[in-house]
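Heads up: the structure comes next, in structure tokens.
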Amino acid sequence: MSWPHSWEGWRWETIFWGGGRTRSKTGSKFYGWLEIGIGIYCALSLQIIHWGSELYVTIARASFPPGPLTHLLRLFLAGIALLVPTALMGGTLPVLARLWVRSIQTTASGVATFIP
């Protein structure tokens, strides 16, 4: 998909993962911080799931009778819990590609080195 010229600076990769800034020395630090964030979330995941479960029970008992709405609430809370690690993991490949790929002509072969 090609982006309209006026949207060029508004792609998700550019907004969330630094765009051109990640090519410098700080790009490898940024990648390191992404990996540290993933590790921290992993370490806290059992507690986050516990908090989500408590929140679900509290909201479901107070607001909804048993039925389809409680399932939607559970789905919504699970999506919220997965949003942070998914965003962090999704940011690692664009950041690595920015560090590794030196020109637009070598993008495909450069990114392919990271995919088994």
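The values are calculated or read from the model by the stated rules, or taken from the named source; none is laboratory data. Quantities reported herein were computed from a predicted structural model and do not represent experimental measurements. Cβ: placed from backbone, ideal geometry, glycine included. Neighbour counts: every protein chain shown.
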Inset, instruction - Just give me the residues in the range 59-105 being β-branched (V, I, T), within 25 Å of the chain's Cα centre (by Cα) and modelled with pLDDT of 85 or more, in sequence order. - result: I80, V84, T86
Inset, instruction - Hey, can you tell me all the residues within the range 79-101 that are surrounded by 14 or more Cβ atoms within 10 Å (Cβ to Cβ), free of Cβ contacts under 8 Å to residues at least 24 places away in the same chain and part of a helix (DSSP H, G or I)? - result: G90, L93, A97, W100
Legend entry - Residues that are at pLDDT 85 or above, over 30 Å from L73 (Cβ atoms) and among the β-branched types (V, I, T), drawn from the range 1-58: I36
Legend entry - Given (1) in contact with a Ser or Thr (Cβ under 8 Å, 6 or more places away or on another chain); (2) touching a residue at least 24 places away in the same chain (Cβ under 8 Å), index of the condition C42 fails: (1)
